[in-house]
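S.K.: Got a structure for you, questions after.
The values are calculated or read from the model by the stated rules, or taken from the named source; none is laboratory data. Source: prediction; values computed, not measured. Because the Cβ atoms are built from the backbone with ideal geometry, glycine has one as well, and the counts that use them run over all protein chains shown. For accessibility, only protein heavy atoms count, side chains too; no ligands or nucleic acids. Shrake-Rupley method; radii C 1.70, N 1.55, O 1.52, S 1.80 Å.
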Amino acid sequence: MRILVLVLLLQRASADSLIASEIVDLFYPPVREQAASANCPHNGPSLRRWSGASTWPSGSVPRSGQDVVLPAGTKVLIDAPLPGVFGFITVPATSELIFANSAITVDALGFKVLGALRAGSPTCPISSNIVITLHGTRPTGQTQRPDWYKGIYVEGTLDLHGEQPWPAWTRLRVPANRNGRELVLQHEVDWRVGDVVVVVTTALQDSRDWHRNEERTIIATGFQWMPDGGRVSKLTLDRALEYDHYASTAYQAEVGLLSRRIVVQGAAANSPPTDTTPARCEETPAVVRVTDYAPCPNTYLTGYGGHVMASGSQSTARVAGVEFYRMGQTNIIGRYPFHFHMMGAEGGARSYMHGCSVHESYYRCVAVHGTSNTSVSENVLFDVIGHCVYLEDGVEENNKITYNLAALVHFIGSPASDLGQQIAEVTQSANLAIPADIAAAGFYITNTNNEIVGNAASGGWTGFSFPLLDAPIGLHRNVAMKPSARPMLRFEGNSAHSSSFWYQSAGAMYFGGKLYIENDVLIYDAGRQERDTCTKLLEPDKGCRTTDDLWMTLRSTKVYLTMGNGLTHWGKRVEIIKYEASDVGLGLSILGFDWVDQMLVQCRTGLAPQLPCKAGSGCNDWETAGRYWTSRGFECSSLARTISWLSLDSCRLVRGLPSTCSAERAKAYATAPHPPSFSKRCVKPVHFAGTTPTRRTF
């Protein structure tokens, strides 16, 4: 049993030990206290053992290869490994299938859950190893499979509760260097010997063909006392690291825990893609500016892992402390590692995905589809094809997406790219079911009326994508609303890095692109698109009234390690409060009215970020990197702009700043549209040029 002591952990992770930022506030989840187990379903009354012949109407225990239907009105307990591979296991509406807190393995073609499937409960997490393996081959042609084929399909209740780690991920406290085997973390963690961790890259690129993420197994745990008196965890790894992973005041590599006590996985024999070569293909200069290569567009399209779907407003899905491995089915819509499907507001409010991991996913991480009021929190998401955290149709609102780590996210096909602001449109096809996946992101937010707090993204075409949807898509295409006009509920304490590699204007956080339906076909334009947010539309699916304008507010935002922009916002009004950008091509790019308060841009920190180079180019040399990697502070094409506090470090160029602070300029600021925090003052920024690491604060 994992026992956490709140006060001691909070004291040991003191402020000086958490060096994640200089001016922004990055959040970690509160420490959980796990008390003695209570309300354990495997200790409940009237349980009948799967292994008991009297449990089954036939008088014999089900055998490998058979379809199994639980007897109506029964609670069946699995308390030992089940041999072989079963067909479909059906749980009727009046029945429950319950796992004991024991070492258990179950293999099947799928589960159809109309009643309940339980392993543990919120107050009784499973401490033993339970492994559910889903089998099945990818269908050919137009062959249709039922929703429960190679999946767990739920119209009733899914309760899977394994012990949750705290925290599920953290950051390095000190650098972890090549050939080293120790990690010093920013928190005291409760991870265990034998657990697998991922040390996330601090390179400029994070993609399938070139990345610096490393998976390792913990062989020893201990502490390290910091100069401030705080105590943090020190882990010893089974193998030496192959790459450097930085930790400085500017940024630090994330470290995430992949292991969990409950595992839901696709079978090794028929889940991974078979089309994995070649891994790298030559690309055009418009796509790649540093290297000659990119991930090949026609590979990794055949992955066919397991999936979990909770469907309908009457269903409930509560999963915590679960590892989803070899899951997702590439380009098959609806077949994701975990899928809140059409659960509405009531079903969403009963459901959550907390403290889980998803790794080696062949299609997404978690999809929130037609579901509101749910919670996706404290999950570690790694090595994923397509958008990872995915709000599907644009109607999903009031969800909490908090404290998640998403890394090594792969686009499908060729990455969206061009040298200008406009990019050729892409339509859906058999090899690209959702065309927006050419610009896959760790967090894909089609409706900003959600709470997005404390998340971190590495890799992807961009880390956070906010595409414009003039109307919902998919099953909600006839709903009269305009998702792109919805207000930002909360966006705070989020960070992104090692993206914006394929399209300079994308940014590690990107408010741009457009997804729409034309002649029943989805079309995606990844280029410049302007959004407008407001409290009320002229009509349900039309534009905003001037009197109802809203500002999109971003608080405590951190970006770093981008070849292109740190953050791009193509919209009419944005308020950015506390912003840091480090080792970036361009710190910030804004279109429209803007208000920026407390911005620190360190175009070059003095570290030597790794990136793939053309042979003999010397692009990893700091002195010559400028040939491939610009260093601009920020640029605006704004109707009105005010910057209340700005610090620039080692930036060669700043564009778009007012050069004077005249009375006329101050009056223009005061009368222009502005957010509530606007001070109605004019702050005089200074246009300067310099390449030496000298900080200038205005």
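S.K.: Taking only C-alpha pairs under 8 Å that are 6+ residues apart, what is the relative contact order of the range 371-442 in percent? Working shown, then result.
M.R.: Numbers: 111 pairs, mean separation 27.3, N = 72.
Relative contact order of the range 371-442: 38 percent.
S.K.: Around ILE78, under 13 Å between beta carbons, what's the net of Lys plus Arg minus Asp minus Glu among the other residues? Display every interim value, and only then the final one.
M.R.: Working: positive: ARG48, ARG49, LYS75, ARG118; negative: ASP79, GLU96, ASP107.
Counting the neighbours of ILE78, the net charge comes to +1.
S.K.: Are there trypsin sites (Lys or Arg not before Pro) in the range 149-179 that DSSP marks as loop and that have at most 15 other Cβ atoms within 10 Å, and which are they? If you can, show how the numbers build up before the last one.
M.R.: Details: sites: LYS150, ARG171, ARG173, ARG178; in loops: LYS150, ARG173, ARG178.
Answer in residue order: ARG178.
S.K.: Where does each of 549-555, 456-462 land if you order them by average Cβ count within 10 Å, highest first? Intermediate values should be presented prior to the final figure.
M.R.: Numbers: 549-555: 20.6, 456-462: 31.4.
Going from most to least packed, we get 456-462, 549-555.
S.K.: Here are some pairs, LYS514/LYS558; LYS150/LYS400; LYS75/LYS150; which of them have Cα atoms lying more than 26 Å apart in this structure?
M.R.: Details: LYS514/LYS558 24 Å; LYS150/LYS400 29 Å; LYS75/LYS150 23 Å.
In this structure, LYS150/LYS400 exceed 26 Å between Cα atoms.
S.K.: In Å², and per residue, what accessible area does the range 216-332 have when probed at 1.4 Å with the other protein chains present? Don't skip to the end; give the middle numbers.
M.R.: Working: 4070 Å² over 117 residues.
The answer is 35 Å² per residue.
S.K.: Below 11 angstrom from the Cβ of ARG49, what's the summed charge of the other residues (Lys, Arg +1; Asp, Glu -1)?
M.R.: Values: positive: ARG48, LYS75; negative: ASP79.
Its environment carries a net charge of +1.
S.K.: Moving on. Run the accessible area of the range 349-431 with a 1.4 Å probe and give the carbon-and-sulfur part as a rounded percent.
M.R.: 46 percent
S.K.: Might you work out the accessible area of LEU586 for me, using a 1.4 Å probe with all protein chains in place, and round it to the nearest 10 Å²?
M.R.: 0 Å²
S.K.: What is the sum of charges, Lys and Arg at +1 and Asp and Glu at -1, for the other residues whose Cβ falls under 14 Å from the Cβ of VAL426?
M.R.: Working: positive: LYS514; negative: ASP418, GLU425, ASP437, GLU518, ASP525.
For residues surrounding VAL426, the net value is -4.
S.K.: Follow-up question, since we're still on this one. Peptides 237-250, 302-315: what's the order by average Cβ count within 10 Å, highest mean first?
M.R.: Values: 237-250: 17.2, 302-315: 23.3.
Result, highest mean first: 302-315, 237-250.
S.K.: Per residue, how large is the accessible surface of the range 22-112? Use a 1.4 angstrom probe and give square angstrom. Show your work: numbers first, answer last.
M.R.: Details: 4260 Å² over 91 residues.
For the range 22-112, the solvent-accessible area averages 47 Å² per residue.
S.K.: Taking all protein chains in place and a 1.4 Å probe, what share, in percent, of the accessible surface of the range 434-559 do carbon and sulfur account for? Display every interim value, and only then the final one.
M.R.: On the way: 1530 of 3560 Å².
The nonpolar share, carbon plus sulfur, comes to 43 percent.
S.K.: For the range 52-184, with all protein chains present and a 1.4 Å probe, just round the carbon and sulfur fraction of the accessible area to a whole percent. The partial results should precede the final answer.
M.R.: Details: 2500 of 5010 Å².
Carbon-and-sulfur percentage of accessible area, whole number: 50.
S.K.: Quick one: accessible area per residue over the range 394-527, 1.4 Å probe, rounded to a whole number of Å²?
M.R.: Details: 3440 Å² over 134 residues.
About 26 Å² of surface per residue is accessible.
S.K.: When averaged across all projection directions, what area in nm² does the alpha-carbon convex hull of the range 371-521 cover? Kindly include the intermediate steps, with their values, before the conclusion.
M.R.: Values: hull surface 33.6 nm².
So the mean shadow area of the Cα hull is 8.4 nm².
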